[in-house]
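Structure first, then comments.
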Amino acid sequence: MSTTARPYEPAGPPGPASEGAALGAASAPLAEQRARALLAWDAFRDLAAAADPDAPSRLPGWTGRAVVAHLASWPDEPLLARLLAEARGTRSADAEPLDQDTANAALVEAHREATAAELLAALDDGRTRLVAAFDAVEREGIGLARTGSQVGPVPLLTQLGAIAYELAVHGADLVPCGAPEADPELVDAGLLALADITGALAARYGLTAESALVGPGGGWAFAADGGGWSVRAVPAGKSTGPAVRASSAALLLDASAGRRSVPPLLVKRDLRLDNVPGLLALAPLLDRVPGLPGGPALNVAAGWLGGLGRAIGRFQR
């Protein structure tokens with residue numbers, strides 16, 4: 001199929017993004033985005049190298065091998081090749097997204113006997129493809145082109161940055177396999193990706209909303225107005241307005257990914273919600289996007305204040 005590459009623009013009201021609208025982390029200098037993405041990839045590779053592939057991971061039924069295999073680059077699952085084709089317009093970005101659970105299960109099964117050396121080689125191939133993707137963005141100017149995702153079209157650079165979220169969450173999944181705790185830089189990159197994709201979704205559906213995701217050392221905030229979205233670093237102790245605060249930045253990622261149950265964290269005040277009415281500006285996304293990152297915390301807040309009681313799906317990607 002041959003299509004025409006299109007720039008990303010929000011899909012919902014009040015209409016297309018205005019010329020020059022901010023597009024979150026994708027609007028940052030390209031060198032900064034590249035450095036952060038590669039740092040996250042290298043940090044996860046170090047964790048994978050320290051993990052026992054045969055040991056049970058934090059994910060029920062998944063070994064360390066399964067965790068690494070579904071993030072690595074294999075000939076049968078060229079994710080970055082697909083994204084580049086969509087950004088270039090040689091493949092439609094509006095096709096029905098894959099059933100990610102089914103795709104992950106097939107990938108894990110196909111490589112269930114991969115050796116530790118083969119897993120690391122596949123991660124190295126993934127890094128090479130990531131470098132090539134950033135090179136293509138710089139050479140061809142396709143960083144803001146539409147690409148398909150589980151939550152609808154987003155810019156190519158948003159997708160490349162969002163990889164850090166999965167790397168950070170799955171890095172923690174490898175701790176029971178003998179991997180050390182993730183470096184703060186990997187957790188920070190994952191937190192930025194979480195803020196960025198939530199801002200992108202809010203802009204896509206025409207919401208005016210903002211929120212910060214803050215740990216003891218600071219965090220990241222986004223602001224969306226329907227015409228675009230921005231992200232900014234939040235220094236420790238400087239957040240004002242709507243925010244989700246946690247006793248650690250890693251806990252924010254765990255809660256958003258469904259690795260930890262949100263209500264007990266709120267009861268113990270390991271997780272706190274500041275300016276809940278402001279946070280509920282994002283509540284419409286819970287109906288539109290069942291896999292919204294951070295949705296469990298918003299769902300609890302909505303149930304407490306509005307009696308909405310929405311049952312949302314578990315986070316998938």
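Rounded, prolate or oblate: which fits segment 112-243, taking a ≥ b ≥ c as square roots of the Cα gyration tensor eigenvalues, rounded meaning a/c under 1.5, else prolate when a/b beats b/c? Walk me through the numbers before you get to the answer.
Values: a/c = 2.29, a/b = 1.28, b/c = 1.78.
Oblate, because a/c is 1.5 or more while a/b does not exceed b/c.
From the backbone phi of segment 38-47, what are the Karplus-calculated ³J(HN,Hα) couplings (6.51 cos²θ - 1.76 cosθ + 1.60, θ = phi - 60°) in whole Hz, Gly and Pro given as x?
Values, residue by residue: 6, 4, 5, 5, 5, 5, 5, 4, 4, 5 Hz.
If DNA, RNA and ligands are ignored and the probe is 1.4 Å, what is the ranking of T208, T147 by accessible area, most exposed first?
Working: T208 105, T147 0 Å².
The ranking, largest first, comes out as T208, T147.
The values are calculated or read from the model by the stated rules, or taken from the named source; none is laboratory data. All figures in this text were calculated on a predicted structure; none of them were measured in a lab. Calculation scope for accessible area: heavy atoms of the full protein, side chains included, ligands and nucleic acids excluded. Shrake-Rupley method; radii C 1.70, N 1.55, O 1.52, S 1.80 Å.
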